[in-house]
1. Express the accessible area of the chain per residue in Å², computed with a 1.4 Å probe while the remaining protein chains stay in the model.
2. Set Lys and Arg Cβ to +1 and Asp and Glu Cβ to -1, take the dipole of the chain about its Cα centre, and tell me which of Leu264, Thr7, Thr121 lies farthest positive.
3. Sequence neighbours fewer than 8 away in the same chain don't count; with that in mind, list the lysines whose C-alpha is under 18 Å from Lys14.
4. With a 1.4 Å probe and all protein chains left in place, how much of the accessible area of the chain comes from carbon and sulfur atoms, in whole percent?
5. Taking the radius of gyration and the Kirkwood hydrodynamic radius from Cα positions alone, what is the Rg/Rh ratio for region 63-133, to two decimal places?
6. Non-local amide H neighbours of Ile120 (under 5 Å, H modeled in plane, Pro and chain starts lacking H): which ones?
7. Is the shape of region 148-275 best called rounded, prolate or oblate, per the rule: a/c under 1.5 gives rounded, else a/b larger than b/c gives prolate, else oblate, with a ≥ b ≥ c the square roots of the Cα gyration tensor eigenvalues?
8. State which entries of Lys92/Lys390; Lys111/Lys275; Lys111/Lys295; Lys2/Lys62 exceed 20 angstrom in Cα-Cα distance in the structure shown.
Amino acid sequence: MKRPQKTFIELSKKYGSVFSIQLGVKKMVVLSGYETVKDALVHHALEFGERAHVPILEDINKGFGLSFAHGENWKAMRRFTISTLRDFGMGKRTIEEKIMEESEFLVKHVKSHGGKPFDITEIMNAAVANIIISIVLGQRFDYDHPTLLMLIKLATENVRLIGSPTVNLYNFFPAFKFLPGNHKTVHQNTEDIHSFLRKTFLESRQELNSDERRNFIEAFLIKEEPEKTSPNSYFHDGNLMCIVTSLFMAGTDTAAATLRWGYLLMMKYPVIQRKVQEEIDRVLGSEHSNTGHRKRMPYTDAIIHEVQRFGNIVPLGVPRETTVDVNFKGYFIPKGTHIIPLLESVLYDRTQFAKPEEFNPQHFLDSDGRFLKNDALMSFGAGRRMCIVKTLATTELFVFFTSLLQKFILRLPPGVTHIDLTPAIGFTTPPLPFELCALPRS
């Protein structure tokens, strides 16, 4: 119940790369290993392209939004969201400049600790959250702003609780929803986020100018206005509420958690940290990092990719559902079957990574030290349901990671000699809370 991915991997050793399990009232099919998961999500993208109907996610999203929406609603919202995110700079220099600016605020805050131990979790969440907030709301918050802290608390707690044993039990036996448990906290947190958003929508409507779209919310409201009388329109507050919530959660938790894994692993392996800093000094000098530097920094690029692989932020993958009856790998899988694309089995697949249990940058370097791409790194998913903020997150990882290592040497607090690499329990698996010392580099 706490780490089902471990059980599934053991079962795959006995039953193969495709097997079914009965959990409560639901029969599920687990896909294990790179070749099988890729075959399903990429080569059979349409057949495995629906989002699974998970009780807790259906409760809080009602089928609306993007991440956990279904059918034509998902298609319409995906088209609009991708187009609008691009309009507001995703994949372009404008959003990269925001990330570079935010990294300066992050460096300033880290420097304020004067080399003394501190937990980077809250500040890392805040820095990453500000990027998606700048797109959605058109502003940034100081790291101690009550609104920012409130949104981060609610979102990160929900991500953690959605993968908790009691919520999993609720998903297996939804008839027992009246019983106490973390599912009630998830509902309340979601309602608190939606309450904030309703107020934001109201304020945005009062200031709406159809000739000027200042943020994602206004862009949606402008699109919604002429269609609000149509009963078949997908542009309504229910969809907007769920899109903004999922963008905030997806755009904050996974990137921030990956960066925390990166900083923790740099303290675990100081020789690797020094090699990264040598490359930073050689390529960047005192210049601010940007994605244009990435191709000239193969070692750092390999480290970031290996952090994503080793950190294994979403070990179960995001559940899918078959859209039609499908014959796959010699098995008949009926329409509407809940599919678990076991991402941990992909990121730790021995046929793709020589030493999967080790943190090893050579997984992404060739014999000449050049960066080596590996399609088995499916940290953002694959196929039709691939994470739409992948480009944004990739830029964040590079700029934030290099910015801190350019300015600071990361070390363990005095007296601390052991680094625990056990991941936390939840829908995503960040590292357990830790403190670090950021010593200014001369």
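The values are calculated or read from the model by the stated rules, or taken from the named source; none is laboratory data. If you're wondering where the values come from, they're calculated on a predicted model, not measured in any experiment. Using ideal geometry, Cβ is built from the backbone for each residue, glycine included, and neighbour counts are taken over all protein chains shown. The accessibility values were calculated without ligands, DNA or RNA, using every heavy atom of the protein model including side chains. Shrake-Rupley method; radii C 1.70, N 1.55, O 1.52, S 1.80 Å.
1. Working: 19790 Å² over 442 residues.
Result: 45 Å² of accessible area for each residue.
2. Farthest along the dipole direction, towards plus: Thr7.
3. Qualifying lysines at Cα under 18 Å: Lys6, Lys329.
4. It is 54 percent, rounded to a whole number.
5. Value, to two decimals: 1.17.
6. Close amide H contacts, sequence-distant or interchain: Phe434, Leu436.
7. Here region 148-275 falls in the oblate category.
8. Values: Lys92/Lys390 13 Å; Lys111/Lys275 22 Å; Lys111/Lys295 28 Å; Lys2/Lys62 26 Å.
Among Lys92/Lys390; Lys111/Lys275; Lys111/Lys295; Lys2/Lys62, the Cα-Cα distance tops 20 Å for Lys111/Lys275; Lys111/Lys295; Lys2/Lys62.
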